[in-house]
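The next block holds one structure in the form of structure tokens; read it before the comments.
The values are calculated or read from the model by the stated rules, or taken from the named source; none is laboratory data. None of the values given here were measured: they were computed from a predicted structure. Cβ sites come from the backbone with ideal geometry, for glycine too, and all protein chains shown count toward neighbours. SASA here: full protein model, heavy atoms, side chains in, ligands and nucleic acids out. Shrake-Rupley method; radii C 1.70, N 1.55, O 1.52, S 1.80 Å.
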Amino acid sequence: AQSVTQPDIHITVSEGASLELRCNYSYGATPYLFWYVQSPGQGLQLLLKYFSGDTLVQGIKGFEAEFKRSQSSFNLRKPSVHWSDAAEYFCAVGASPNFGNEKLTFGTGTRLTIIP
Amino acid sequence: NAGVTQTPKFRILKIGQSMTLQCTQDMNHNYMYWYRQDPGMGLKLIYYSVGAGITDKGEVPNGYNVSRSTTEDFPLRLELAAPSQTSVYFCASRDQGVSNQPQHFGDGTRLSIL
């Protein structure tokens, strides 16, 4: 069965500092990986996704993530955070949609706090 | 383009009451999903549908029912509300006809059972 681990429940970063959020997955085949962001009281918004090709994926809002198969990781990074980045971040894994319905498995999330 | 719309946004129920959480999407997506999100947990899949007239159980279906009579609508029904069903519920949709498309989420329904 597929699973996702986000080891950091809560991270605090100074505005302007760099950010890395960790995500480790378990999946038997080629994974389909996502990062979503959730602002308070809102639904989930897709930041970026990986399914094949270049292992460094660029997303919206200046975020990027790197797929490392050898480490079963898909960490999210941003070189300089802004106060508006404060939110909950979810990593998710699913089967490739080319093989049918993709049911996502989500991690438990990492809450990001930005301090001035 | 409204995307995925969920109603109501908030609701308080008494134990044993029933209600339907509404979800509609205007993107003509064939795949739709219902998740619940509990504090400190990721999203758990309740039910999903691959098209009108077709539904299937997800990871945590007990206590819920769904129907999919049209492409646009995917309501979630709670027949006998229990405190364990206090949660935030998210509906999502996806176009499987276009490869590599992500799920689009609604803003959620916050449900409290007292």
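Would you tally the net charge around residue B:52, using a Cβ to Cβ cut-off of less than 14 Å, leaving residue B:52 out, and scoring K and R as +1, D and E as -1? Around residue B:52, the charge tally is -2.
Using the alpha-carbon positions of chain B, Rg (one decimal) and Dmax (whole number) come out as 13.4, 43 Å. Measuring nothing but protein heavy atoms, the accessible surface of chain A at 1.4 Å probe radius is 50 percent carbon and sulfur. So which residues of the range A:5-33 lose at least 20 Å² of accessible area, probe 1.4 Å, when you go from the chain by itself to every protein chain present? Going by heavy-atom accessible area, the residues of the range A:5-33 that drop by at least 20 Å² are A:32.
Extension gain for residue A:115 to residue A:11 (0.36 nm times residue separation, less C-alpha to C-alpha distance): 36.4 nm. Summing charges over neighbours of residue A:62, with a neighbour being any other residue whose Cβ is under 10 Å away from its Cβ, gives +1 when K and R count +1 and D and E count -1. Cross-link partners for residue A:49 among the lysines, with Cα-Cα distance under 18 Å and sequence neighbours closer than 8 places in the same chain left out: A:61, A:68, A:78, A:103. Summing charges over all other residues whose Cβ lies under 9 Å from the Cβ of residue B:4, with Lys and Arg as +1 and Asp and Glu as -1, gives -2. For the range B:25-114, the set of GluC sites (Glu not before Pro) satisfying both a DSSP loop assignment and a count of at most 15 other C-beta atoms within 10 Å is given as B:59, B:79.
The B-A contact accounts for roughly 1800 square angstrom of buried accessible surface, both chains included, probe 1.4 angstrom.
Probe radius 1.4 Å, ligands and nucleic acids ignored: give me the carbon and sulfur share of the accessible area of the range B:9-114 as a rounded percent. Accessible surface attributable to carbon and sulfur in the range B:9-114 totals 50 percent.
Summed over the residues of the protein assembly as shown and divided among them, the accessible surface reaches 47 Å² per residue at a probe radius of 1.4 Å. Along the charge dipole of the protein assembly as shown, pointing to its positive end and built from +1/-1 on Cβ of Lys, Arg, Asp and Glu, which listed residue (B:114, B:10, A:71) has its Cα farthest out? The Cα lying farthest towards the positive end belongs to B:114.
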